[in-house]
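Visitor: A single structure is presented below for examination.
The values are calculated or read from the model by the stated rules, or taken from the named source; none is laboratory data. Predicted model only: the values in this text are computed from it and were never measured. Note that we place each Cβ from the backbone using ideal geometry, even for glycine, and neighbour counts take in every protein chain shown.
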Amino acid sequence: MKRDIDRYLVLSQDRFNETLSYIQLLREDLGAFSGELTKPDFKNYKTDGGVEYSSFKSSSLLAQYQVFKCQLYSLQHRTEEALYMARSVSRSIDYVLNPSLAISYLFYYSLTLIEIFPISSELKRKTFSKQIELNRNQMQLWLDRYPQEVGHKMGLIEAELDRISDRFIEAMDGYDRAIDLARSNQAIHEEALACERAGRFYLNWGKEKIAQTYFKEAHYAYTRWGAIAKVRDLEQQYPQLLKASFPKSIANPYETTSLITTSTESSDSALDLATVLKASRAISQEICLERFLTKSIEILIENAGAQRGFLIVPDRNDLEENTNHFYIIAQSQIEGETKGLESIPLEGSLQEGELPLVSSAIVNYVARTQESIVLDRADREGDFTTDFYIQQAGVRSVLCDPLLYQGQLVGVVYLENNLISAAFTPERLQVVRLLSQQAAIALENARLYERLEEYSHTLEERVERRTQELKQEIFERQLLENRLRSEERKMRAIFEAMTDIILIIKMSDDCIETIEISPTAPTRSSSLEQSLIQQTIDRLYEENSHWKVPIQQVLETQKTINFDYALQFNNESIWFTASISPIPDGSVIWVARNITDRVLAEEALRLSEETFSKSFRASPCAMTISRWADGRHLEVNDTFCSLMGYTPEEIIGKTALDLNLWVNSEDRHKLFQLLKTDGIVRNYEFESRTKSGKILTALLSVEIVRIRGEDCLLAISNDITERKRAEQELQHKHEELALTLQKLQTTQDELIQSEKMASLGQLIAGVAHEINTPMGAIRASIENSSQALDRTLQYLPKLFQKLSSERIADFLALLEESERQYSQKSILLSFREQRKLKRALRDELETRGFENADTLAATLVSLGIDREIDRFMSILRDRDRDTILDAAENLSILQKSSDNIKLAVERASKIVFALKSYSRQSNSGQMTQFSISEGIDLVLTIYQNQLKRGVETIKHYERVAPIYCFPEELNQVWTNLIHNSIQAMNDQGTLKISVSQKDDFVLVEFTDSGKGIPPEIQGKIFDPFFTTKSPGEGSGLGLSIVRKIIEKHRGKIEVASQPGCTTFSIWLPVNLP
């Protein structure tokens, strides 16, 4: 780009314009960035070409230069200048037509905001976050159209956002993804930028080795791009990371390019030293194993003139065992993808008809002899002409070279060219050998780096794991110490809170020397406690105290002795249990606990047992006590013996199985399962067998109780044999009653359905008339359409042949106006109105001098043209006027007939749908949500034929939500009430229907203007089979069924009647339970 600018400036040196000024500024910036101008610190460099870019009048040039300056400042980490320039661009970016320039602006603007984000105030961070999000959204819109421009830029922005958000794992993946995308998109400068940003990320993280790798890649990428000033800046900032690989500053890459070009043009056989050095450097710089494999094989193929190539390595274990197992780890070809492979075995199993990738014989030979092989025509000469792969693949030129590191084989390079013979010249072989030596070193370095990375990762994990273990140990130790202190405080609190008498007694020569009361700190406030302690001490000091004997026995045997004793307080006995235990210092500890409550409880228990024994024997219920372990009876009462027919001697010591008491062993098994689970069973029904063999039904309640230290079963049973027999008889009667009720219900449903179908039958005649009316209209419209169509098909083709294009356009406009006039007139004109329009139009036509004005006016009115006829004067004055108007009239007739048919079909469909909805019977048995007003309108549609004879229907529906109901049953209610109203009015009168909501009910009212219901029979109209009609005209079930349906819906129906006004009010709940 710089050379092109130089040539342009030479050609334009005598001219001056804004474009030239822009190019001059651009040339100076490029010169500084590429290292052409010798400045000690390129960051302090500012263009000084004598031209101010702010004076540009062209907004496009200004925006382009500002975007370039923003990019330049961002690469130089001059964030303030970059931010200022980015904000300046935002005012003129709309003038930039180049999408690539706009994408670069959004990219470097976002990077600048991210770089200064951590050191900004909270307010500025919010502003920057919004701007970054806007930039990302805009770039996302460009991504689908320009993926190669946007992909790696978006990736780097995401990685930088993860970095400042401390999402380091996501940032690591983001940097690598951005670098790979930039490399695949051949964006060298942005690949270098991504590598530099990744290096700074790892360096700040404390991972200097990983950072060094990325800085080296950035150094090399900036060098390839030609940004020598940037390269020098990296070397100055990070000398400790770049010194080892770059001891001297890299020269301008344009000079290398010139050297390569000259060498190539001079001779194809000369050894291109610059190319070798460039390739060698590219190979040596890759320490990532995966990238090394792909790049090294590409470079070897490029410099050797091969068509395809493979990198093959031996198995690491085979080097020690001297076996020959090789794996292909990378492959590439000139017109294909370079890829690393998952270690494909060189001599792996192949499918039938499948060729191997390379000649294993050549590879094994080179690996064994560690000598290169070059074959100019492998399929015709040499030692491998009979090799299966050579023959089948038609291999021509082959070059196979060993990769040696410190005398050891580390791999084999296998190259082929099947297009030409003798492709691998001695010069190319020399290049390959030089590159192979470098590749062998680089391969070992990459493997070493991979192992170091793995070891570093493992070491970090081990250190982290050990740190966590130490933290866990410290935590557990602190937790244990806290628990010990807590237990110590707890035990101290318990000890001090004890109400026991605790004495430390020391003996000397069979006499008590001292008695220490413990604890000594708290003071006993209770007079009872003080008295009891003093009594205990006094009795110990008595000369003939019998308590001295157990104390001496404890001191001799060093074993604890327990015994009970009583003290007196206010003429009451206070019982204690004493525990005397030895202490290592020759003393004993006396702990006496007040057990008065326990002694009293034991006495109460004894009395309770006596009471229970008396109740057990005198109970009217059969009771037994048996041992849980073996089921043997321990006690039975007289009621049980009388019921079962045994004596107590026959039962005691035997089990229920021994006595054959259980009729069904499964009942016994189930009972014991319940006892094992719950420990108690209540009212368990079972059958028992008496001594005489009689079967009894009883209710058994069993509970596990503790008696004299062992688990026992306390069982109480009641004979329910007679009650069971009575329940069975009652159940039988209940079933008979249910069957009778079911038959009544069936009969009622049949009556309801019969009444509904009877009501439906009354509607058939009206429905048939309603359907015949639209059918007649359809038939008449079809006849009119057929005649009009015949006339149209006869004259229209000939007419179009005769008419000019202008007249055809007028004809179509006439048809369009006729259709528009017809569609706007929702009500057809009466004959009187049509005659009035014809006379007015005829007078106007006669005034204009038209003959047959009357006929012409009739035709125009038929077409709907009754005014503004000036638009169609050209047709009216045409000699084929009559033919044109006839054709238009026939087409108009077709349109009108079609609309009439449509209206008639809709009318008939509506009637059929209403009849179908009315007669449909739901079998689901469940309520559904349904609109009350829709159901009423459905019935009114069916009764339309009867209503239109003289009944005026007035509807007043409020907005009421659908309710849960049985829609088909409510439709029967509306049908019966509407039918009764029509009959009460003798088909002449007013029917008012209203629907509203009152609190939690929907109120439906039917009011007719009939003769009314006499007061004396108003209370009977809902009775079954009551009717005022003549015999044969009604069953008397209609209103009875209506009330049952309403009550089924938890509603009610009321009637209010007087001559000329009868109202039926139906109340239905909004929310049924």
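Visitor: Restricting to segment 982-999, name every residue that is modelled with pLDDT of 90 or more and within 21 Å of ILE1046 (Cα to Cα).
Guide: LYS992, ILE993, SER994, VAL995, SER996, GLN997, LYS998, listed by residue number.
Visitor: Of all residues in segment 628-684 being among the small types (Gly, Ala, Ser) and exposed (fewer than 14 other Cβ atoms within 10 Å of the Cβ), which is nearest to the chain's Cα centre (by Cα)?
Guide: GLY679
Visitor: Hey, could you check segment 352-388 for residues that are assigned to a loop (DSSP other than H, G, I, E, B) and among the basic types (Lys, Arg) and say which is surrounded by the fewest Cβ atoms within 10 Å (Cβ to Cβ)? Working first, answer last.
Guide: Just the residues of segment 352-388 that are assigned to a loop (DSSP other than H, G, I, E, B), to begin with: 352-359, 370-372, 376-387.
Now drop any that are not among the basic types (Lys, Arg), which leaves 377, 380.
Numbers: ARG377: 14, ARG380: 11.
Ranking the qualifying residues of segment 352-388, first place goes to ARG380.
Visitor: Moving to a separate point now. Considering only residues that are crowded, with 19+ Cβ neighbours inside 10 Å and of a type outside the set (A, V, I, L, M), look in segment 835-849 and name the one that is nearest to the chain's Cα centre (by Cα).
Guide: LYS838
Visitor: Restricting attention to segment 706-727, which residues are free of Cβ contacts under 8 Å to residues at least 40 places away in the same chain and either of a type in the set (A, V, I, L, M) or closer than 21 Å to THR639 by Cα (or both)? Outline the logic, then answer.
Guide: The initial filter retains those residues of segment 706-727 that are free of Cβ contacts under 8 Å to residues at least 40 places away in the same chain, namely 706, 708-709, 720-727.
Within segment 706-727, ILE720, THR721, GLU722, ARG723, LYS724, ALA726 qualify.
Visitor: Right, next: Criterion first (exposed (fewer than 10 other Cβ atoms within 10 Å of the Cβ) and either under 49 Å from the mean Cα position of the chain (by Cα) or at pLDDT below 80 (or both)) does THR467 satisfy it? So that I can check it myself, show each step before the final result.
Guide: Working: exposed (fewer than 10 other Cβ atoms within 10 Å of the Cβ): no; either under 49 Å from the mean Cα position of the chain (by Cα) or at pLDDT below 80 (or both): yes.
So THR467 fails the test.
Visitor: Right, here's the next one. Checking GLY1012 against (1) out of contact with any Gly (no Cβ under 7 Å at 6 or more places or on another chain); (2) at positive phi; (3) surrounded by 15 or more Cβ atoms within 10 Å (Cβ to Cβ), which single condition isn't satisfied?
Guide: The failed condition is (1).
Visitor: Okay, next question. Among the residues of segment 799-822, count how many are over 60 Å from the mean Cα position of the chain (by Cα) and under 18 Å from ASP870 (Cβ atoms).
Guide: Qualifying residue count, segment 799-822: 6.
Visitor: Say we look at segment 690-749 and pick out the residues that are surrounded by 14 or more Cβ atoms within 10 Å (Cβ to Cβ) and of a type in the set (Asp, Glu); which of these is farthest from the chain's Cα centre (by Cα)?
Guide: ASP719
Visitor: Among the residues that make up segment 205-228, is at least one of them in the same structural domain as ILE116 (by TED's automatic domain parsing), closer than 19 Å to PRO118 by Cβ and in contact (Cβ under 8 Å) with a residue 40 or more places away in the chain?
Guide: Within segment 205-228, not a single residue is in the same structural domain as ILE116 (by TED's automatic domain parsing), closer than 19 Å to PRO118 by Cβ and in contact (Cβ under 8 Å) with a residue 40 or more places away in the chain.
Results for (1) buried (at least 17 other Cβ atoms within 10 Å of the Cβ); (2) under 45 Å from the mean Cα position of the chain (by Cα), shown as yes or no for each residue.
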{"residue": "GLN946", "(1), (2)": "yes, no"}
{"residue": "THR953", "(1), (2)": "no, no"}
{"residue": "GLN972", "(1), (2)": "yes, no"}
{"residue": "THR975", "(1), (2)": "yes, no"}
{"residue": "ASN980", "(1), (2)": "yes, no"}
{"residue": "ASN986", "(1), (2)": "no, no"}
{"residue": "VAL995", "(1), (2)": "yes, no"}
{"residue": "ASP999", "(1), (2)": "no, yes"}
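Visitor: Quick check on this structure: which one of LEU341, LEU300, LEU273 is at pLDDT 70 or above, touching a helix residue (DSSP H, G or I) at 6+ places or on another chain (Cβ under 9 Å) and aliphatic (A, V, I, L, M)?
Guide: Values: LEU341 fails: at pLDDT 70 or above; LEU273 fails: at pLDDT 70 or above.
Of the residues listed, the single one that is at pLDDT 70 or above, touching a helix residue (DSSP H, G or I) at 6+ places or on another chain (Cβ under 9 Å) and aliphatic (A, V, I, L, M) is LEU300.
Visitor: Given the options ILE228, ILE157, name the one that is within 27 Å of LYS126 (Cβ to Cβ) and touching a Ser or Thr at 6+ places or on another chain (Cβ under 6 Å). Step through it out loud before you land on a result.
Guide: Numbers: ILE228 fails: within 27 Å of LYS126 (Cβ to Cβ).
Being within 27 Å of LYS126 (Cβ to Cβ) and touching a Ser or Thr at 6+ places or on another chain (Cβ under 6 Å) holds for just one of ILE228, ILE157, which is ILE157.
Visitor: Right, another one. Collect the residues in segment 175-215 that are under 39 Å from the mean Cα position of the chain (by Cα), more than 19 Å from TYR146 (Cα to Cα) and among the acidic types (Asp, Glu), keeping them in residue-number order.
Guide: ASP176, GLU196
Visitor: Of the residues that sit in segment 389-418 and are under 17 Å from PHE310 (Cβ atoms) and assigned to a loop (DSSP other than H, G, I, E, B), which one is farthest from the chain's Cα centre (by Cα)?
Guide: Result: ARG396.
Visitor: Further question on the same structure: Of the residues that make up segment 573-591, is at least one of a type in the set (Asp, Glu) and in a helix (DSSP H, G or I)? Working first, answer last.
Guide: Looking only at segment 573-591, we keep the residues that are of a type in the set (Asp, Glu), and these are 585.
Add one more test, that the residue is in a helix (DSSP H, G or I), and what stays is none.
Within segment 573-591 (the criterion being of a type in the set (Asp, Glu) and in a helix (DSSP H, G or I)), the answer is no, since none of the residues qualifies.
Visitor: Can I ask one more? Restricting attention to segment 242-265, does a residue exist that is outside the structural domain of GLU454 (by TED's automatic domain parsing) and modelled with pLDDT of 80 or more?
Guide: There is at least one residue in segment 242-265 that is outside the structural domain of GLU454 (by TED's automatic domain parsing) and modelled with pLDDT of 80 or more.
Visitor: I'd like to verify a number: residues in segment 482-540 that are modelled with pLDDT of 70 or more and part of a strand (DSSP E or B), how many?
Guide: Qualifying residue count for the region: 15.
Visitor: Within segment 104-115, can one find any residue that is out of contact with any Lys or Arg (no Cβ under 9 Å at 6 or more places or on another chain) and not in a helix (DSSP H, G or I)?
Guide: no
Visitor: Give the residue, chosen from PHE117, PHE107, PHE215, that is surrounded by fewer than 23 Cβ atoms within 10 Å (Cβ to Cβ) and not polar (S, T, N, Q).
Guide: On the way: PHE107 fails: surrounded by fewer than 23 Cβ atoms within 10 Å (Cβ to Cβ); PHE215 fails: surrounded by fewer than 23 Cβ atoms within 10 Å (Cβ to Cβ).
Selected residue: PHE117, the only one of PHE117, PHE107, PHE215 that is surrounded by fewer than 23 Cβ atoms within 10 Å (Cβ to Cβ) and not polar (S, T, N, Q).
Visitor: In segment 193-216, which residues are assigned to a helix (DSSP H, G or I) and under 16 Å from ILE169 (Cα atoms)?
Guide: Within segment 193-216, the first condition is being assigned to a helix (DSSP H, G or I), and the residues that meet it are 193-205, 208-216.
ARG197, ALA198, GLY199, ARG200, PHE201, TYR202, LEU203, ASN204, TRP205, ILE210, ALA211 - these are the residues of segment 193-216 that are assigned to a helix (DSSP H, G or I) and under 16 Å from ILE169 (Cα atoms).
Visitor: Counting only residues that are in contact with a helix residue (DSSP H, G or I) (Cβ under 7 Å, 6 or more places away or on another chain) and not in a strand (DSSP E or B), which one in segment 981-1021 is farthest from GLN946 (Cα to Cα)?
Guide: The first filter runs over segment 981-1021 and keeps only residues in contact with a helix residue (DSSP H, G or I) (Cβ under 7 Å, 6 or more places away or on another chain), leaving 982, 987, 991, 993, 995, 1002, 1004, 1006, 1008, 1010-1011, 1021.
Restricting the remaining residues to those that are not in a strand (DSSP E or B) gives 982, 987, 1010-1011, 1021.
On the way: ILE982: 8, ASP987: 7, GLY1010: 15, LYS1011: 18, ILE1021: 24 Å.
Restricting to residues being in contact with a helix residue (DSSP H, G or I) (Cβ under 7 Å, 6 or more places away or on another chain) and not in a strand (DSSP E or B), the top hit is ILE1021.
Visitor: Of the residues in segment 593-645, how many are in contact with an Asp or Glu (Cβ under 8 Å, 6 or more places away or on another chain), without any contact (Cβ under 8 Å) to a residue 60 or more places away in the chain, assigned to a helix (DSSP H, G or I) and among the hydrophobic types (A, V, I, L, M, F, W, C)?
Guide: Here the count works out to 1.
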